[in-house]
Amino acid sequence: ISGWREERRNRHFYTIAIDSNDHFYFEVQKWLLSQVDPKDRRAIRLVSYDSDDTGERLYKLFDSATDEQTVKIDGHEVIVRLEKPLSGKELLRSELIGNGNLGHRGNLDSPRLVFGTYSSDANEAVVKFFDKLKAEASQVKRHARLHLLAGYWSSHSSELPERSLDSLVLHEGQMDRIVADMQGFLRSEKEYARKGIPWHRGYIFHGVPGTGKSSLAKVLASYFGLDLYYYPIGAANSDSEITNTISKVTPKSILLLEDIDVFKGFKKRESTENDTSSASSFSMSGLLNMLDGVMTPHGMITIMTTNHYEVLDDAITRPGRVDLTEEIGALEPGQADKIFKVFYERPPTQPLEVQGFAPAVIMEIMKRNMFTPEIAELEIRALVGTDVDYVKPKLILPTEEEEDEELECANN
């Protein structure tokens, strides 16, 4: 929460602003809506979404019929104003000629709630109320949110569906190893600060398609209650755009970069130095600064996924930028049985000998037979000896034409 003072009607006007990128924003937002008389809700335009299967609703306040609302906090009258993001034209104008015409809003690129009072006592009451609200919220398990980062102009946020660690079956001991590493990092903020080390961590999950690399990122975000930011980096047009976009990631959050082997900026320089076909104009320097540069958000956890780890540039995968590398591979003996038991809440009648397949192959069969495990088991056993994708996969690098097609799809 940041605060400042401004002159208003010849009196000191104290304001406290809460940006929507702050985790606390949604708690304040819910409280604010609870203070609105239902009869007056017609004056408030809301965007709503289902938060869970029970149909419970959370509401996101985007706009109101008037510029300001008035609420009571500890007996003090408090004026609440919602400041909307600047439009693309306003942002461009601010970059070209400065922020002089934007007043106190500055380079606002996300919504924020501003609470204003006319006395220091009232301002102090608001601060104490927010401290109390934060303390109460900290006692409740936080629901992670999914954010789509879309460059300079826009972003989208929604609640991330909860997933337990047991819902994703990895190789023996692998989930425990990853969770322990991330847990240790999250607990070590003070120790990093004491030693003068930037507090951020990087992971690479690699393996053939369909093994659950992206699903693992969602499971970890849900388990730790961390917001998950998805950045389609192929859409980045410049290093400055990458820096601006990454600055929106809040502390103690996960940044997910999928299929990084598709983008030439991540690949070994000797294989791309003479290749000018890439539509992406961000540089290797901009990419490295995003991962562990001066502008890397405090507490950011970067998770990168790739199908072809061996083609990545050593500058990307070196320790400090990537602290833990895990191969999320094809099925091992006994792994399919565990997946079957998690899905149907009972084991198969006999062990499923389908090692070498990608988990996605048997998951698709089980989803197709959601309520008929007997049929699913028969279909899974029938896979053995058939020519199905990802059976004992071998590395097949894409041609230049296929790379260009993938990159064009990612940019679109």
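So which pairs qualify, if the first residue must be in the range 331-349 and touching a residue at least 40 places away in the same chain (Cβ under 8 Å), the second must be open to solvent by 70 Å² or more (accessible area, probe 1.4 Å) and part of a helix (DSSP H, G or I), the Cβ gap must be under 9 Å, and the two must be at least 6 apart or on different chains?
Sorted first by the residue in the range 331-349, then by its partner, the pairs are VAL342/ASP166.
When you go through GLY210, GLY234, GLY202 one by one, which is the residue that is assigned to a strand (DSSP E or B) and closer than 23 Å to ASN307 by Cβ?
GLY202
How many residues does the range 290-315 hold that are part of a loop (DSSP other than H, G, I, E, B) and not charged (D, E, K, R)?
Total satisfying the criteria: 10.
Could you figure out which of (1) open to solvent by 10 Å² or more (accessible area, probe 1.4 Å); (2) touching an Asp or Glu at 6+ places or on another chain (Cβ under 9 Å) isn't true of GLY202?
(1)
I'd like to know if the range 121-134 contains one or more residues that are acidic (Asp, Glu), closer than 19 Å to ALA217 by Cβ, modelled with pLDDT of 90 or more and assigned to a helix (DSSP H, G or I).
no
When you look at VAL322, is it within 17 Å of LEU170 (Cα to Cα), in contact (Cβ under 8 Å) with a residue 12 or more places away in the chain and surrounded by 15 or more Cβ atoms within 10 Å (Cβ to Cβ), yes or no? I'd like the intermediate steps shown before the answer.
Details: within 17 Å of LEU170 (Cα to Cα): no; in contact (Cβ under 8 Å) with a residue 12 or more places away in the chain: yes; surrounded by 15 or more Cβ atoms within 10 Å (Cβ to Cβ): yes.
Considered against the rule, which asks whether it is within 17 Å of LEU170 (Cα to Cα), in contact (Cβ under 8 Å) with a residue 12 or more places away in the chain and surrounded by 15 or more Cβ atoms within 10 Å (Cβ to Cβ), VAL322 comes out as no.
Residues to consider are VAL311, VAL361; find the one that is touching a Gly at 6+ places or on another chain (Cβ under 7 Å) and in contact (Cβ under 8 Å) with a residue 60 or more places away in the chain.
Step by step, each of VAL311, VAL361 is checked, and only VAL361 is touching a Gly at 6+ places or on another chain (Cβ under 7 Å) and in contact (Cβ under 8 Å) with a residue 60 or more places away in the chain.
So which residues in the range 205-250 are open to solvent by 10 Å² or more (accessible area, probe 1.4 Å) and among the charged types (D, E, K, R), if there are any at all?
LYS213, LYS218, ASP239, GLU241, LYS248
From the list LEU186, LEU113, LEU165, exactly one residue is over 23 Å from VAL249 (Cβ atoms) and modelled with pLDDT of 80 or more. Which is it?
LEU165
The values are calculated or read from the model by the stated rules, or taken from the named source; none is laboratory data. Being a predicted model, the structure only gives us computed values, none of them experimental. All Cβ positions, even for glycine, are placed from backbone atoms using ideal geometry, and neighbour counts span all protein chains on display. Ligands, DNA and RNA are excluded from the accessible area calculation, which covers all protein heavy atoms including side chains. Shrake-Rupley method; radii C 1.70, N 1.55, O 1.52, S 1.80 Å.
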